[in-house]
Every structure is written in C-alpha cells, then in structure tokens.
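The values are calculated or read from the model by the stated rules, or taken from the named source; none is laboratory data. For clarity, every value in this text was computed on a predicted model and none was experimentally measured. So basically every Cβ, Gly included, is an ideal-geometry build from the backbone, and we count neighbours across all protein chains shown.
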Amino acid sequence: MKSALVSAFVMLIFFMLLALNLGESQLSFTSLLWQEDAVARMIMTEVRLPRVLLSVLVGAGVATSGALIQGLFRNPLADPALIGVSGGAALFASLYIVLGTGIGFYGFGLALSAFIGSLLATWLVLLIGDRGGRISGMLLAGIAVNAVSLSGVGILSLLATDQQLRSVTFWALGSFNHADWQSVLIALCMLPALVRILFLARKLDIMTLGDLEAGHLGIEVPRLRLEAILLAALITGIAVSLCGVIAFVGLIVPHLVRMASKARHEIVLPGSMIVGGMLVLLADTVSRQLFSPAQIPVGIVTALIGGPFFIYLIIKKDSGDRL
C-alpha cells in the first residue's frame with residue numbers, strides 16, 4: 001500500500017507540472033529556466049505557481065478533514081460540509097466581509113473569522129446532535145446548521161454592496177482566482193494540523209469498534225473527539241477563508257481511497273491528503289480551461305463530480321441496509 005502512496009504522489013507532481021503549463025498564455029515551465037522573459041516569468045511565478053500550490057494545499061486539507069470526520073463519526077456520509085463546519089465558516093467570513101472593517105481581503109482577520117465560525121458551528125452540531133446519544137443525530141443536526149448558515153449568507157448578500165456581493169458570491173461557489181503567495185503562506189498553517197491528524201490513525205481505527213469498546217482499550221473518547229473536531233475546524237476554516245466552499249471533496253476523496261485500498265487509516269489519511277490535492281488541482285485546471293478565457297468557479301466542477309457520487313453512496317448504503 002505504501003508503494004501506491006508513492007505512485008499517487010508522483011502523479012500529483014506530474015499534474016502540478018501539467019497545470020503550470022496550461023493557461024491562456026502559451027508558457028512552458030521548463031523553458032522559463034532558460035529564458036529571461038520577465039513577463040512570462042511573472043505569469044508563471046506570481047499567477048500560476050501560487051494557484052497550483054494553493055489548490056493542492058486546500059484539497060489536501062479538506063479531504064483529510066473529511067477522512068478524519070468520517071472515521072470519528074463512523075459515518076461514511078459525513079464530511080466538514082455536511083456537519084456544518086463549512087457553512088459556519090462561510091457565514092462568519094461573509095459577516096467579516098459585509099460588516100467587518102477589513103484588514104485586507106485575505107488578511108488574518110478573515111481567516112480567524114472563518115475559523116471561529118467553523119468552530120461555533122461544530123459546537124452547535126455537537127450540542128444538538130449529541131442529545132440523543134446517536135452519531136446519526138449529529139449528521140442531521142449538521143445538515144440543519146449548514147442550511148441555516150447558508151441562509152445567513154444569502155441574507156448578507158442582500159445587505160452587501162456591489163463589491164461585497166462579489167466577494168460573498170465567491171464564498172458560495174469557491175474559486176482560486178485570487179490566489180497569491182500570501183494565500184499560500186496562510187494555507188501552510190494547515191500543515192501542523194495535517195501532521196497531527198496522521199498520528200491519530202491508530203486511534204481512529206480503534207474508534208470504528210464503538211465508543212464503549214474504544215474506552216475499554218484505553219482511548220479517551222471525549223478528548224479524542226474534541227481534538228479531532230478542533231483540527232477539522234481549523235483546517236476547514238483556513239480553507240474556506242482562502243477559496244470559499246468547495247463542495248464534496250471531503251466526502252468523495254476518502255471513499256475513493258477506501259475503494260482503491262480498503263486499508264486502515266494509516267493509509268486512508270495520507271492517501272486522502274494526496275488524492276484530495278490532486279482532485280482539487282484537476283478541478284481547478286478544468287475550470288480554467290473549459291471555457292477559456294472565462295473561468296468558472298471550481299466549486300461548480302467539484303459539485304458536478306460529487307453530486308452523482310453522493311447519490312451513488314446513498315443508493316449503495318440503502319441497498320446494504322436492506323440486505
């Protein structure tokens with residue numbers, strides 16, 4: 001299985017190089033090493049390279065958070081969006097855009113607002129969904145909180161100015177059009193959380209046995225759940241603050257990895273990290289090239305992929321329950 005991870009990582013590097021060579025301007029990444037064209041070099045280093053790196057980092061973060069949430073809740077239909085984390089982050093980011101004083105479109109104030117929103121939304125889901133003592137209750141509570149959050153984004157859209165409305169719309173659809181090196185630096189803040197998640201693989205494997213059995217095996221379930229949710233909220237908050245809500249990545253990527261490997265979390269977590277970065281990179285590349293020079297939001301592409309896949313998962317799960 002480790003050889004498969006290496007192969008996936010090599011594919012990711014290949015697609016990154018491919019994405020760097022695709023665009024409205026006919027540029028070659030390798031040719032820039034041998035020429036002194038200042039304009040071409042600026043396009044490559046200030047436009048394409050930050051966008052490629054940001055899409056990979058965001059995809060890796062959201063997909064790994066999805067694998068973490070699914071393992072924690074023992075529910076294959078859970079992801080940061082469906083349990084309200086993304087909706088809460090988008091709501092507070094929109095509040096910051098419309099009502100905040102602003103310290104730069106991609107300032108740390110915006111990222112902090114998104115993180116606080118994702119944290120509060122998650123806390124609310126836990127408060128409501130845990131009352132019945134069933135994991136499925138959290139999923140239902142998350143769907144409700146996510147719906148209310150997105151309704152709040154819609155209300156803020158009515159109160160926003162034209163400039164603010166364009167920014168709020170950006171959150172609803174997800175896009176990397178404003179990627180720059182500052183965004184990449186903020187996205188790098190996800191790396192410590194991602195590394196910590198990798199060390200939770202064994203505990204997540206034990207959690208599949210159930211809370212009671214995990215407790216008997218020495219796992220502090222409440223502490224693990226709190227830590228995992230905080231990590232997912234941090235990663236999702238940063239991702240949403242940088243590119244908006246990119247739907248279904250946290251849901252479908254862990255499933256793709258499990259379908260290919262059927263492995264434990266020590267493979268699922270790093271596999272989701274690599275495949276998630278690859279999927280979002282490919283989706284962003286398609287969004288740039290499909291109707292070039294016009295660019296469609298990357299969230300539309302991932303939704304077109306993830307929607308049918310989500311329906312397939314529901315049908316498959318329903319067929320399994322009947323059996």
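So the values come out like this:
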quantity	calculated
Residues that are out of contact with any Gly (no Cβ under 9 Å at 6 or more places or on another chain) and either without any contact (Cβ under 8 Å) to a residue 12 or more places away in the chain or of a type in the set (Ser, Thr, Tyr) (or both), drawn from region 269-286	285
Residue 271 vs. criteria under 12 Å from the mean Cα position of the chain (by Cα) and either at pLDDT 80 or above or not in a helix (DSSP H, G or I) (or both)	no
Leading residue by the ranking (nearest to the chain's Cα centre (by Cα)) among those in region 153-167 that are farther than 10 Å from residue 97 by Cα and either surrounded by 18 or more Cβ atoms within 10 Å (Cβ to Cβ) or basic (Lys, Arg) (or both)	153
Only listed residue being more than 30 Å from residue 97 (Cα to Cα), in contact with a Phe, Trp or Tyr (Cβ under 9 Å, 6 or more places away or on another chain) and not polar (S, T, N, Q), chosen from 217, 256, 212, 242	256
Near pairs, Cβ below 6 angstrom, 6+ apart or cross-chain, from region 2-15 (β-branched (Val, Ile, Thr)) to any residue that is modelled with pLDDT of 85 or more and exposed (fewer than 11 other Cβ atoms within 10 Å of the Cβ)	none
Hits in region 250-268 (condition: surrounded by fewer than 24 Cβ atoms within 10 Å (Cβ to Cβ), in a helix (DSSP H, G or I) and in contact (Cβ under 8 Å) with a residue 40 or more places away in the chain)	255, 260, 261, 266, 267
Candidates 214, 233, 283, filtered to the one that is under 20 Å from the mean Cα position of the chain (by Cα) and either over 24 Å from residue 90 (Cα atoms) or modelled with pLDDT of 85 or more (or both)	283
Residue 231 part of a helix (DSSP H, G or I) and within 21 Å of residue 87 (Cβ to Cβ)	yes
Every pair of residues 6+ apart whose Cβ atoms lie under 6 Å, when the first sits in region 202-221 and is closer than 18 Å to residue 270 by Cβ while the second is modelled with pLDDT of 80 or more and of a type outside the set (Asp, Glu)	203/219; 203/224; 204/71; 204/265; 205/264; 205/265
Test: residue in region 174-189 that is modelled with pLDDT under 85, surrounded by fewer than 16 Cβ atoms within 10 Å (Cβ to Cβ) and either in a helix (DSSP H, G or I) or touching a Gly at 6+ places or on another chain (Cβ under 7 Å) (or both)	no
Failed condition for residue 208, given (1) of a type outside the set (A, V, I, L, M); (2) under 20 Å from residue 114 (Cβ atoms); (3) out of contact with any Leu (no Cβ under 6 Å at 6 or more places or on another chain)	(2)
First in region 69-88 and closer than 18 Å to residue 148 by Cβ, second anywhere and assigned to a loop (DSSP other than H, G, I, E, B) and among the charged types (D, E, K, R), Cβ under 9 Å, 6 or more apart	85/79; 86/79
Residue 314 over 15 Å from the mean Cα position of the chain (by Cα) and under 19 Å from residue 55 (Cα atoms)	no
Criterion (in a helix (DSSP H, G or I) and crowded, with 24+ Cβ neighbours inside 10 Å) met by exactly one of 247, 283	283
